[in-house]
Amino acid sequence: MTTNCVLGDICHAPCTPSIGILAPMKYSTVTPYLLGMALLGAAPAHALSVGDVEFKSCQLGKAASIAAHCAQFNVPLYHEQPDGKQIELAVAWLPARARDAEADPVVLLAGGPGQSALEVYPSIAGVFELLRGTRPVLLVEQRGTGSSQKLSCEIPSMDDPFAADTSAAAMGELTAKCASELTIDPAPFTTEDAVADLEAVRAALEIEQLNLIGGSYGTRFGQRYAKRHPERVRTLVLDSVVPESLVLGSEHGRNLDAALQSQFERCRTNAACSKRFGDPAELLAQLRDRAADEVVEQIVVHPRTMEQRDAAFSHQILAAAVRLQAYAPETVALLPLGLSEAVAGRAQSLIGQAWMMGDDLSESISFGLQLSVSCAEDLPRLQPQASEAEAGTLLGSTMIDTLSAQCANWPTRSSMPDDMAEPLMVDLPVLLLSGQYDPVTPPRYADEVAKHLPNALALVAPGQGHIAQTRGCMPKIIEDFIDSADLESIDASCLEKLHAAPFFLNYNGPQP
């Protein structure tokens with residue numbers, strides 16, 4: 001994101017989860033071999049035509065550039081006014097390597113809400129590189145993200161260790177200021193609008209069917225597209241699943257607490273971890289119970305840039321640091337050590353991790369797009385008791401309270417479809433993936449969605465967190481599924497080799 005998100009996503013990324021309602025797909029654990037395949041592929045020809053769309057050669061990513069074909073595609077700002085104002089969407093096409101490639105491409109639906117598929121793709125290219133053996137990859141940037149009329153706002157995040165004021169009232173005021181400075185109406189930037197955009201691109205490319213892979217918020221996008229255009233979906237992969245009935249952000253605190261208890265139980269039952277740290281839950285409780293005058297400023301060094309700043313280790317920073325580290329097994333492995341150090345008065349590690357991850361996140365999420373989605377689709381369905389249910393958690397009701405204050409100052413669509421929150425019920429092959437310890441979209445969400453799908457398979461990645469598609473043999477499972485469109489032929493026994501990362505006992509790493 002170019003701006004920080006507050007309520008964020010269901011996002012996807014082990015090391016850089018979305019601070020919003022969900023989380024992004026920025027960090028990947030694909031093998032160096034797969035990533036190498038993505039980077040070393042032959043450069044595309046200078047120009048390419050697919051259907052009615054003319055593409056030119058381009059590069060995706062910054063440090064790790066991937067050869068592709070790119071185009072700008074015009075869609076109506078208001079789809080109900082097809083002849084009215086138009087906006088441009090960035091579209092990318094990565095051809096299959098096979099000479100006799102299949103006609104149905106694989107489509108990445110990014111998370112957030114607020115991530116750009118073109119920007120996210122390089123970090124998970126290894127997953128798609130297997131698929132490119134026989135199928136092209138299509139990337140359509142969601143309106144309001146990346147270079148596609150991005151809704152940018154310079155608003156601090158609740159997870160920013162140096163934010164001056166992240167109270168609900170302050171965030172509401174900053175949101176009003178941002179809305180007043182936008183040069184375009186942010187209301188027609190919902191999931192429904194994005195679905196209409198993707199369908200317009202598909203039609204222009206003259207493609208009969210798509211294979212959709214959505215992660216986190218992208219699973220809402222995928223379900224919604226399949227609900228509107230079931231005949232255009234060949235296969236559907238939902239990773240870190242968001243049920244259509246879920247109000248984004250309404251259960252973040254409870255889901256995080258449950259995931260932390262499961263992770264801390266691992267430490268309690270591990271001889272080396274329990275001997276070194278005791279019960280990490282007790283360490284967290286000690287930090288939560290501190291009096292206001294016990295919170296002192298610390299000199300913190302950014303783990304990547306080495307920049308130094310002063311920060312007070314407040315409850316807000318504690319919650320942000322723990323929340324961010326809970327997304328992935330690699331960062332959870334550091335959590336008991338960080339909590340132990342903080343109890344001893346050395347909170348720099350926890351604050352520094354939050355600083356680094358918050359920076360990464362702020363570069364990958366469009367804050368305005370996140371609000372356009374959440375304020376139109378989620379806040380109207382938020383139950384009055386939701387804030388009370390979250391109040392006793394580590395995160396508390398801050399996310400809900402802040403979203404309410406922000407949406408009061410953000411233009412939204414006056415109405416949304418009546419069936420928006422109804423479950424997807426289609427007879428399509430659907431593969432649902434979850435991480436065992438996902439702190440934002442737990443496996444029970446996938447089970448809830450699968451109940452309404454007669455041709456679905458839900459898999460859980462042992463020991464993993466948010467976004468499972470990059471883990472272990474998941475890329476191969478996805479490849480086999482999309483190749484065959486047959487769930488009964490899927491062999492998922494390889495997932496038994498996955499496990500949680502061992503806890504760090506000191507800064508040199510876990511016990512051998």
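Averaging Cα coordinates gives a centre for region 85-120 and one for region 375-414; these two points are 32 Å apart.
Okay, helix-only estimate at 222 nm for the chain: each DSSP H run of n ≥ 4 adds -39500 (n - 2.57), divide by all residues, round to 500 deg cm²/dmol; what do you get? Present the calculation step by step, with values, prior to reporting the outcome.
Values: 18 runs with 178 residues, N = 512.
Theoretical 222 nm ellipticity from helices: -10000 deg cm²/dmol.
Looking only at the chain, where both bridge partners belong to it, what percent of the DSSP beta bridges are antiparallel (to the nearest 5)? Spell out each step's value before the answer.
Values: 29 of 52 bridges.
Roughly 55 percent of the beta bridges in the chain run antiparallel, per DSSP.
Taking the C-alpha atoms only, the angle from helix 348-362 to the longest principal axis of the chain is near 20 degrees.
Protection proxy ranking, highest mean first, for peptides 224-232, 187-195: 187-195, 224-232, where packing is the per-residue count of other beta-carbon atoms within 10 Å, averaged. With the Kirkwood sum run over all distinct C-alpha pairs, region 264-303 has a hydrodynamic radius of 12.1 Å.
Working note: Cα atoms of region 252-363, range along each principal axis, descending, whole Å: 38, 33, 27.
Exposure proxy shown here: for CYS70, CYS153, CYS494, CYS407, the number of other Cβ atoms within 10 Å sets the order, fewest to most, as CYS494, CYS70, CYS407, CYS153.
Order by neighbour count: CYS273, CYS58, fewest other Cβ atoms within 10 Å first, most last. Please report the intermediate quantities before stating the final value.
Details: CYS273 24, CYS58 17.
Fewest-to-most Cβ neighbours within 10 Å comes out as CYS58, CYS273.
For a quick check: sort SER489, SER362, SER340 by the number of other beta carbons within 10 angstrom, fewest at the front.
Working: SER489 10, SER362 21, SER340 18.
Ordered by Cβ neighbours within 10 Å, fewest first: SER489, SER340, SER362.
Taking the charge dipole of region 252-363 about its Cα centre, with +1 at Lys and Arg Cβ atoms and -1 at Asp and Glu Cβ atoms, the residue from ALA311, ALA326, ILE299 reaching farthest to the positive side is ALA326. For the chain, the longest principal axis of the alpha carbon atoms and the long axis of helix 252-268 meet at an angle near 60°. Region 456-490 and region 172-245 have Cα centres lying 22 Å from one another. Per-residue packing, averaged as other Cβ atoms within 10 Å, sorts the ranges 323-332, 210-219 into the order 210-219, 323-332, beginning with the highest.
Net charge in the neighbourhood of ARG224 (other residues with Cβ under 13 Å of its Cβ; Lys, Arg +1, Asp, Glu -1) is -4. With q set to 0.12, 0.20, 0.25, 0.28 Å⁻¹, the log10 of I(q)/I(0) for region 224-295, from the Debye formula over equal scatterers at the Cα positions, is -0.60, -0.95, -1.11, -1.18. In sequence order, region 211-219 has phi-based couplings of 10, 9, 10, x, x, 6, 4, x, 6 Hz under the Karplus curve 6.51 cos²θ - 1.76 cosθ + 1.60, θ = phi - 60°, and Gly or Pro positions carry x. For Cα Rg over 2.2 N^0.38 Å, one of (1) 1.27; (2) 0.93; (3) 0.98 was computed from the structure I shared and the rest are decoys. Which label? The listed entry that was calculated here is (2).
Every read-out reported here was derived from the displayed coordinates using simple, explicitly stated rules and does not represent laboratory data. Note that the structure is a prediction, hence the values are computed from the model and not measured. We place every Cβ from the backbone using ideal geometry, glycine too, and count neighbours over all the protein chains shown.
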